[in-house]
Amino acid sequence: VMEAKPDLTPKFIVLYEELLTGETDPSEGNPNFWDELFLLRVNIPWLTSWLDTKDLVELKEFKYNLHRIVQQCFLMLDDENLLRVSNALKTMTTILQSIFNKKLQPFSEALDLLRDEKSNPTFFQDLIKSMEPKLLATRHVKQDIYVLLMTLATASHHTHLNLIMEDFIKADISKALISVMSSPLQAEVYWGMALWVILLKYEKSSDSFVNPYSRSITCTPVSLANGSSNDILLPSVVQGICAKIFHYFTEFKAQTQPTPNSPGIITRVSSYFFSWDKPQDDLRISEPADGSLTPCMKQTREHFGNDTALLSSPYMQGSILLLFYEFTRVNRFFF
């Protein structure tokens, strides 16, 4: 008699297929189910593929199951186990990205698949607000947090069509972002810059509307999440931006300096900007063999540390320049 072959399907796939379809409830009779589930490594390709193959009609059939999973991810964010927190963030982000990528119209259709408007109308506002203390805490899950926040901020192809931007305004995490921005350059500073630039672009025609992310970079003192005020932290942010702009200018000047056999000015300028698309390894800052640093490099190191790959990243360059523009646009006292 031939023995039945054991089911080798990964546990993550088995459990999530049951949760998403609702055919059976794997959590029934197991009070520790969600704690155990979020210890499993997230199979992002499978979860993305499963959601991508479903059309709107099918997703509406499963929307209450989606609500349940997203809500459980949210509740797990306060867990003391950072592995559970990271897996909950990854799971929620994967679901959000898959739904937003469908570009459903109107945008409220996408939100309806992710939260129950009647029983939990402030879900996204609460989710965003809960990120504020986490941005100032341990670094272990900060990348996952920023990916989630960026997913929410870019949920629609146009900022003003993204209904979640209202939740960002109401939650107002500007205090946490500006605190992060005042710290030495690390990956999360770049992520904070990129998110900040997006949030700064949200405006409304109402005269009474004030974007808190614009207000946070003016000269009006605002009490921040770490107990400081923005009139204390803003100078360090501004100094960092100016040091980076100075570095770009020096780099640009060096690359466009004419030589006897150099091409024309248009070619030199174009080459400089096209160099932003080079791999990061080609953009590392070269240092003298004797270890000496120019005044520009010293000033840059003082503000941005030794992460040369991040320092010369084209994404960092874009974020710095956009943020510089926004500072000068909203703050007439910048200079």
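Tabulated results
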{"read-out": "Complete set of residues in segment 151-171 that are modelled with pLDDT of 90 or more and open to solvent by 30 Å² or more (accessible area, probe 1.4 Å)", "value": "Thr154, Leu163, Glu166, Lys170"}
{"read-out": "Failed condition for Pro106, given (1) open to solvent by 20 Å² or more (accessible area, probe 1.4 Å); (2) without any contact (Cβ under 8 Å) to a residue 40 or more places away in the chain; (3) assigned to a helix (DSSP H, G or I)", "value": "(3)"}
{"read-out": "Cβ pairs under 7 Å, 6+ apart, first in segment 1-25 and farther than 20 Å from Lys90 by Cβ, second among the acidic types (Asp, Glu) and at pLDDT 90 or above", "value": "Thr24/Glu18"}
{"read-out": "Set Leu59, Leu75, Leu39: member being crowded, with 17+ Cβ neighbours inside 10 Å, among the hydrophobic types (A, V, I, L, M, F, W, C) and either under 25 Å from Leu149 (Cβ atoms) or more than 28 Å from the chain's Cα centre (by Cα) (or both)", "value": "Leu59"}
{"read-out": "Qualifying residue in segment 140-150 (condition: of a type in the set (D, E, K, R), surrounded by fewer than 21 Cβ atoms within 10 Å (Cβ to Cβ) and over 26 Å from Ser205 (Cβ atoms))", "value": "yes"}
{"read-out": "Test for Lys118: is it open to solvent by 10 Å² or more (accessible area, probe 1.4 Å) and not in a helix (DSSP H, G or I)", "value": "yes"}
{"read-out": "Enumeration of residues in segment 126-182 that are assigned to a loop (DSSP other than H, G, I, E, B), in contact (Cβ under 8 Å) with a residue 24 or more places away in the chain and over 23 Å from Phe209 (Cα atoms)", "value": "Leu136, Thr138, Arg139, His140, Val141, Ser182"}
{"read-out": "Restricting segment 183-202 to residues that are in a helix (DSSP H, G or I) and among the aromatic types (Phe, Trp, Tyr), the residue that is surrounded by the most Cβ atoms within 10 Å (Cβ to Cβ)", "value": "Trp196"}
{"read-out": "Check on Asp207, out of contact with any helix residue (DSSP H, G or I) (no Cβ under 7 Å at 6 or more places or on another chain), at pLDDT below 70 and either among the charged types (D, E, K, R) or under 24 Å from Val141 (Cβ atoms) (or both)", "value": "no"}
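Residue-by-condition table, conditions (1) open to solvent by 40 Å² or more (accessible area, probe 1.4 Å); (2) polar (S, T, N, Q); (3) outside any helix (DSSP H, G or I):
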{"site": "Val14", "(1), (2), (3)": "yes, no, no"}
{"site": "Pro26", "(1), (2), (3)": "no, no, yes"}
{"site": "Ile69", "(1), (2), (3)": "no, no, no"}
{"site": "Leu83", "(1), (2), (3)": "yes, no, no"}
{"site": "Leu89", "(1), (2), (3)": "no, no, no"}
{"site": "Lys102", "(1), (2), (3)": "yes, no, yes"}
{"site": "Leu111", "(1), (2), (3)": "no, no, no"}
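The values are calculated or read from the model by the stated rules, or taken from the named source; none is laboratory data. Since the structure is predicted, the reported quantities are computational estimates derived from the model, not experimental observations. Ideal geometry is used to build each Cβ from the backbone, glycine not excepted, and the neighbour counts take in all protein chains shown. Remember, those area values only see protein heavy atoms, side chains included, never the ligands or the DNA or RNA. Shrake-Rupley method; radii C 1.70, N 1.55, O 1.52, S 1.80 Å.
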